[in-house]
Amino acid sequence: MKTRRVHRNRSYNRDSSNAKTRKWMTHNRALLTAYLWFGATLLGLFTVLMLSSTYHGVVMPFNNFLAWSTAGVLTLLGGGPLTVNGTSVSGTTFGFSVAEGCNGIYALVIVIAGVMALPIRWSRKVVGLILAAVYIMALNYIRLLTLWYFGQTSPLLFDTMHLYVWEFIIIALGAAFCYWWYEKSARSR
Amino acid sequence: MKNLRAPAKIALVIVLFAVTYVPIELLWQRLLPTYSRLLSAVAESVANVIETRGSWYGVQVKGDDFVVEAYIALPGNRSNQYSFDCTRPTNLVSYNIPLWAALATASAYFLKRKTRWKFLLLAPLIIVAWHVCDLTIFAKNARWMLLQDLHRQNPHFVDYNVKWQWFWWWLFELNRRIIDPFLPLLLWILFCARPFSAGLGRQTPTPAHSGAVPAYRK
């Protein structure tokens, strides 16, 4: 009898823990779906970017365009005579190259994953994606321009800004964009 | 200040983050050599535990770099082994610790006590555990480079572990480009975003027979 009672208790515990899990899943369904969308979009886009054909067909031409257009803006701002060779921009005292991680594409991928994860209408998601692309690219232009001026001032300052500060500014502003877009879309619903 | 609207709270957190980040980073530069030595010792122990056929790599700190020494026994002669060194700067592995510390300092005031303790205790454990994973992934990728180097010298050498190397390379790149810089922010979103977000939190459906009156009927 005792054994049977213990068995019953165990089965009751298992049922109650299953019910608890189910309740937790129901309560957090929106959040879990958002995390799943975020992870799937992030990993999917990252894998596409890692393909050799994407690198040669999209990323490299985009880096060349970024270097060319940054040099153009710097010339307009009085940055002196600049030489552009592929992805590298060089002046009389300083030069930099727009490498693979410097084009803002990875930050854009994360913001895209963030927008896709938001529980909003698809039309709002599409508008959000377009706005996100314009926003991150504008931020990246500001980043490249400021890095140019920092590089001319001091190599140490350039390294600090390049490796630590700007990276996080872009992440934080990207997350702030996702938050703003979600609040805006939720209010207009 | 806790009654501020969510956007104002977020703006304040970003400003506080910007103010606290530089002193925390400077402090971290002083602690980095000790942390790197500890991390390399742990990563090497992990390598000895997880590699069932005997460890084929070791992690050491040389100067400002983690050096992963991958080695492989050459066929035919057991005592003869081929080794290859791969370096990864210590500051690039662990620069997310000051980012986490600055985020924690900047947002601590706005968090509930339970959330605050979670972010202060669990998040650094996850970050440190990920650093060990980082070095392990890097070592797995180093083996690929070792095999390529060996293949260049001895084209007849074949190692069937090569078939999984695309995965380690993919994981290494994912870690370097996305997980490393974004880990503190992802953890912040996981642990702390709720107090800052109006609607992304719980979605509580009205139970069918609970007697609760749906909002539109009130």
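Since every read-out is calculated from the coordinates, none of them should be taken as a lab result. Please read these numbers as outputs of a predicted model, since none were measured by experiment. Don't worry about glycine lacking a Cβ; one is built from the backbone with ideal geometry, like all the others, and counts go over all protein chains shown.
Ordered by the count of other Cβ atoms within 10 Å of each Cβ, fewest first, B:THR87, A:THR70 give B:THR87, A:THR70. Coupling constants for the range A:58-71 follow from the phi torsions by the Karplus curve (6.51 cos²θ - 1.76 cosθ + 1.60, θ = phi - 60°), and in residue order they are 10, 5, 5, x, 5, 4, 4, 4, 5, 5, 5, 6, 5, 4 Hz; glycine and proline get x.
Local charge for A:LEU131 was computed over the other residues whose Cβ lies under 11 Å away, with Lys and Arg +1 and Asp and Glu -1, and equals +3. If you take all other residues with their beta carbon under 12 Å from the beta carbon of A:MET50, and give Lys and Arg +1 and Asp and Glu -1, the sum is 0.
Averaging Cα coordinates gives a centre for the range A:122-136 and one for the range A:25-89; these two points are 15 Å apart. Extending 7 Å from the Cα toward the beta-carbon at both B:THR87 and A:SER69 defines two label points whose distance is 3.7 nm.
Each of A:SER88, B:SER107 was scored by other Cβ atoms within 10 Å of its Cβ. Listed from fewest to most, they are A:SER88, B:SER107. Placing R0 at 25 angstrom, the Cβ-Cβ distance between A:MET137 and A:THR47 gives a FRET efficiency of 0.70 after rounding to 0.05.
Return the calculated 222 nm mean residue ellipticity for chain A, to the nearest 500 deg cm²/dmol, obtained by summing -39500 (n - 2.57) across DSSP H runs with n ≥ 4 and dividing by the residue count.
Helix-only estimate at 222 nm: -25500 deg cm²/dmol.
Net charge around B:ALA101, counting only other residues with Cβ within less than 15 Å of its Cβ (Lys, Arg = +1; Asp, Glu = -1)? Charge balance in the 15 Å sphere: +1.
Label positions at B:LEU31 and A:LEU156, each projected 7 Å from the Cα along the C-beta direction, are separated by 2.3 nm. Close amide H contacts of B:ASP65 (hydrogens built in the peptide plane, cut-off under 5 Å, sequence separation of 5 or more or a different chain): B:THR90. Axis of helix A:105-117 versus longest Cα principal axis of chain A: the two differ by about 30°, to the nearest ten degrees. Scalar couplings 3J(HN,Hα) for the range A:48-54, obtained by applying the Karplus form with A = 6.51, B = -1.76, C = 1.60 to θ = phi - 60°, are 4, 5, 6, 5, 4, 5, 5 Hz; x denotes Gly and Pro. Between B:ALA11 and A:THR54, the simple spin-label model (points 7 angstrom out along Cα→Cβ) gives 3.6 nm. Of the residues A:THR54, A:THR21, A:THR146, the one that moves most in a GNM of chain A with alpha-carbon contacts below 10 Å is A:THR21.
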